């Protein structure tokens, strides 16, 4: 009877440890996703509030683990550079990938 009891205890212990690891990982991942969404919102807000960039409606912002990617179109190299600087100043931003395309006004 004692020999049959040991594998059951071992199995339950391993399941408990594995389950705890999964829960901890899921909570951390959910927290990162919430932080990324908050960063994206803050960057979009700062870009919209900036006098030099407020007229731009073609800039998209995506955040992954604190790294912000800017995509879309701007009219000048100066706007592209300035948008990157504005995004980099937002709290929580680790790095900015400025993938904006410069398309002059017609």
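The values are calculated or read from the model by the stated rules, or taken from the named source; none is laboratory data. Just so we're clear, the structure is a prediction, and the values are computed from it rather than from any experiment. Glycine gets a Cβ as well: all are built from the backbone with ideal geometry, and neighbour counts include every protein chain shown.
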**Request:** Hey, can you tell me all the residues within region 86-106 that are in contact with a helix residue (DSSP H, G or I) (Cβ under 6 Å, 6 or more places away or on another chain), under 15 Å from residue 56 (Cα atoms) and assigned to a loop (DSSP other than H, G, I, E, B)?
**Result:** 100
**Message:** Looking at region 94-105 only, could you name the residues that are within 14 Å of the chain's Cα centre (by Cα) and either at pLDDT below 95 or surrounded by fewer than 16 Cβ atoms within 10 Å (Cβ to Cβ) (or both)?
**Reply:** 94, 95, 97
**Request:** Kindly indicate whether any position in region 20-42 is more than 22 Å from the chain's Cα centre (by Cα) and at pLDDT 90 or above.
**Result:** no
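Out of all the residues in region 51-85, which are part of a strand (DSSP E or B) and either in contact (Cβ under 8 Å) with a residue 24 or more places away in the chain or buried (at least 16 other Cβ atoms within 10 Å of the Cβ) (or both)?
59, 61, 63, 64, 67, 68, 69, 70, 71, 72, 73, 74
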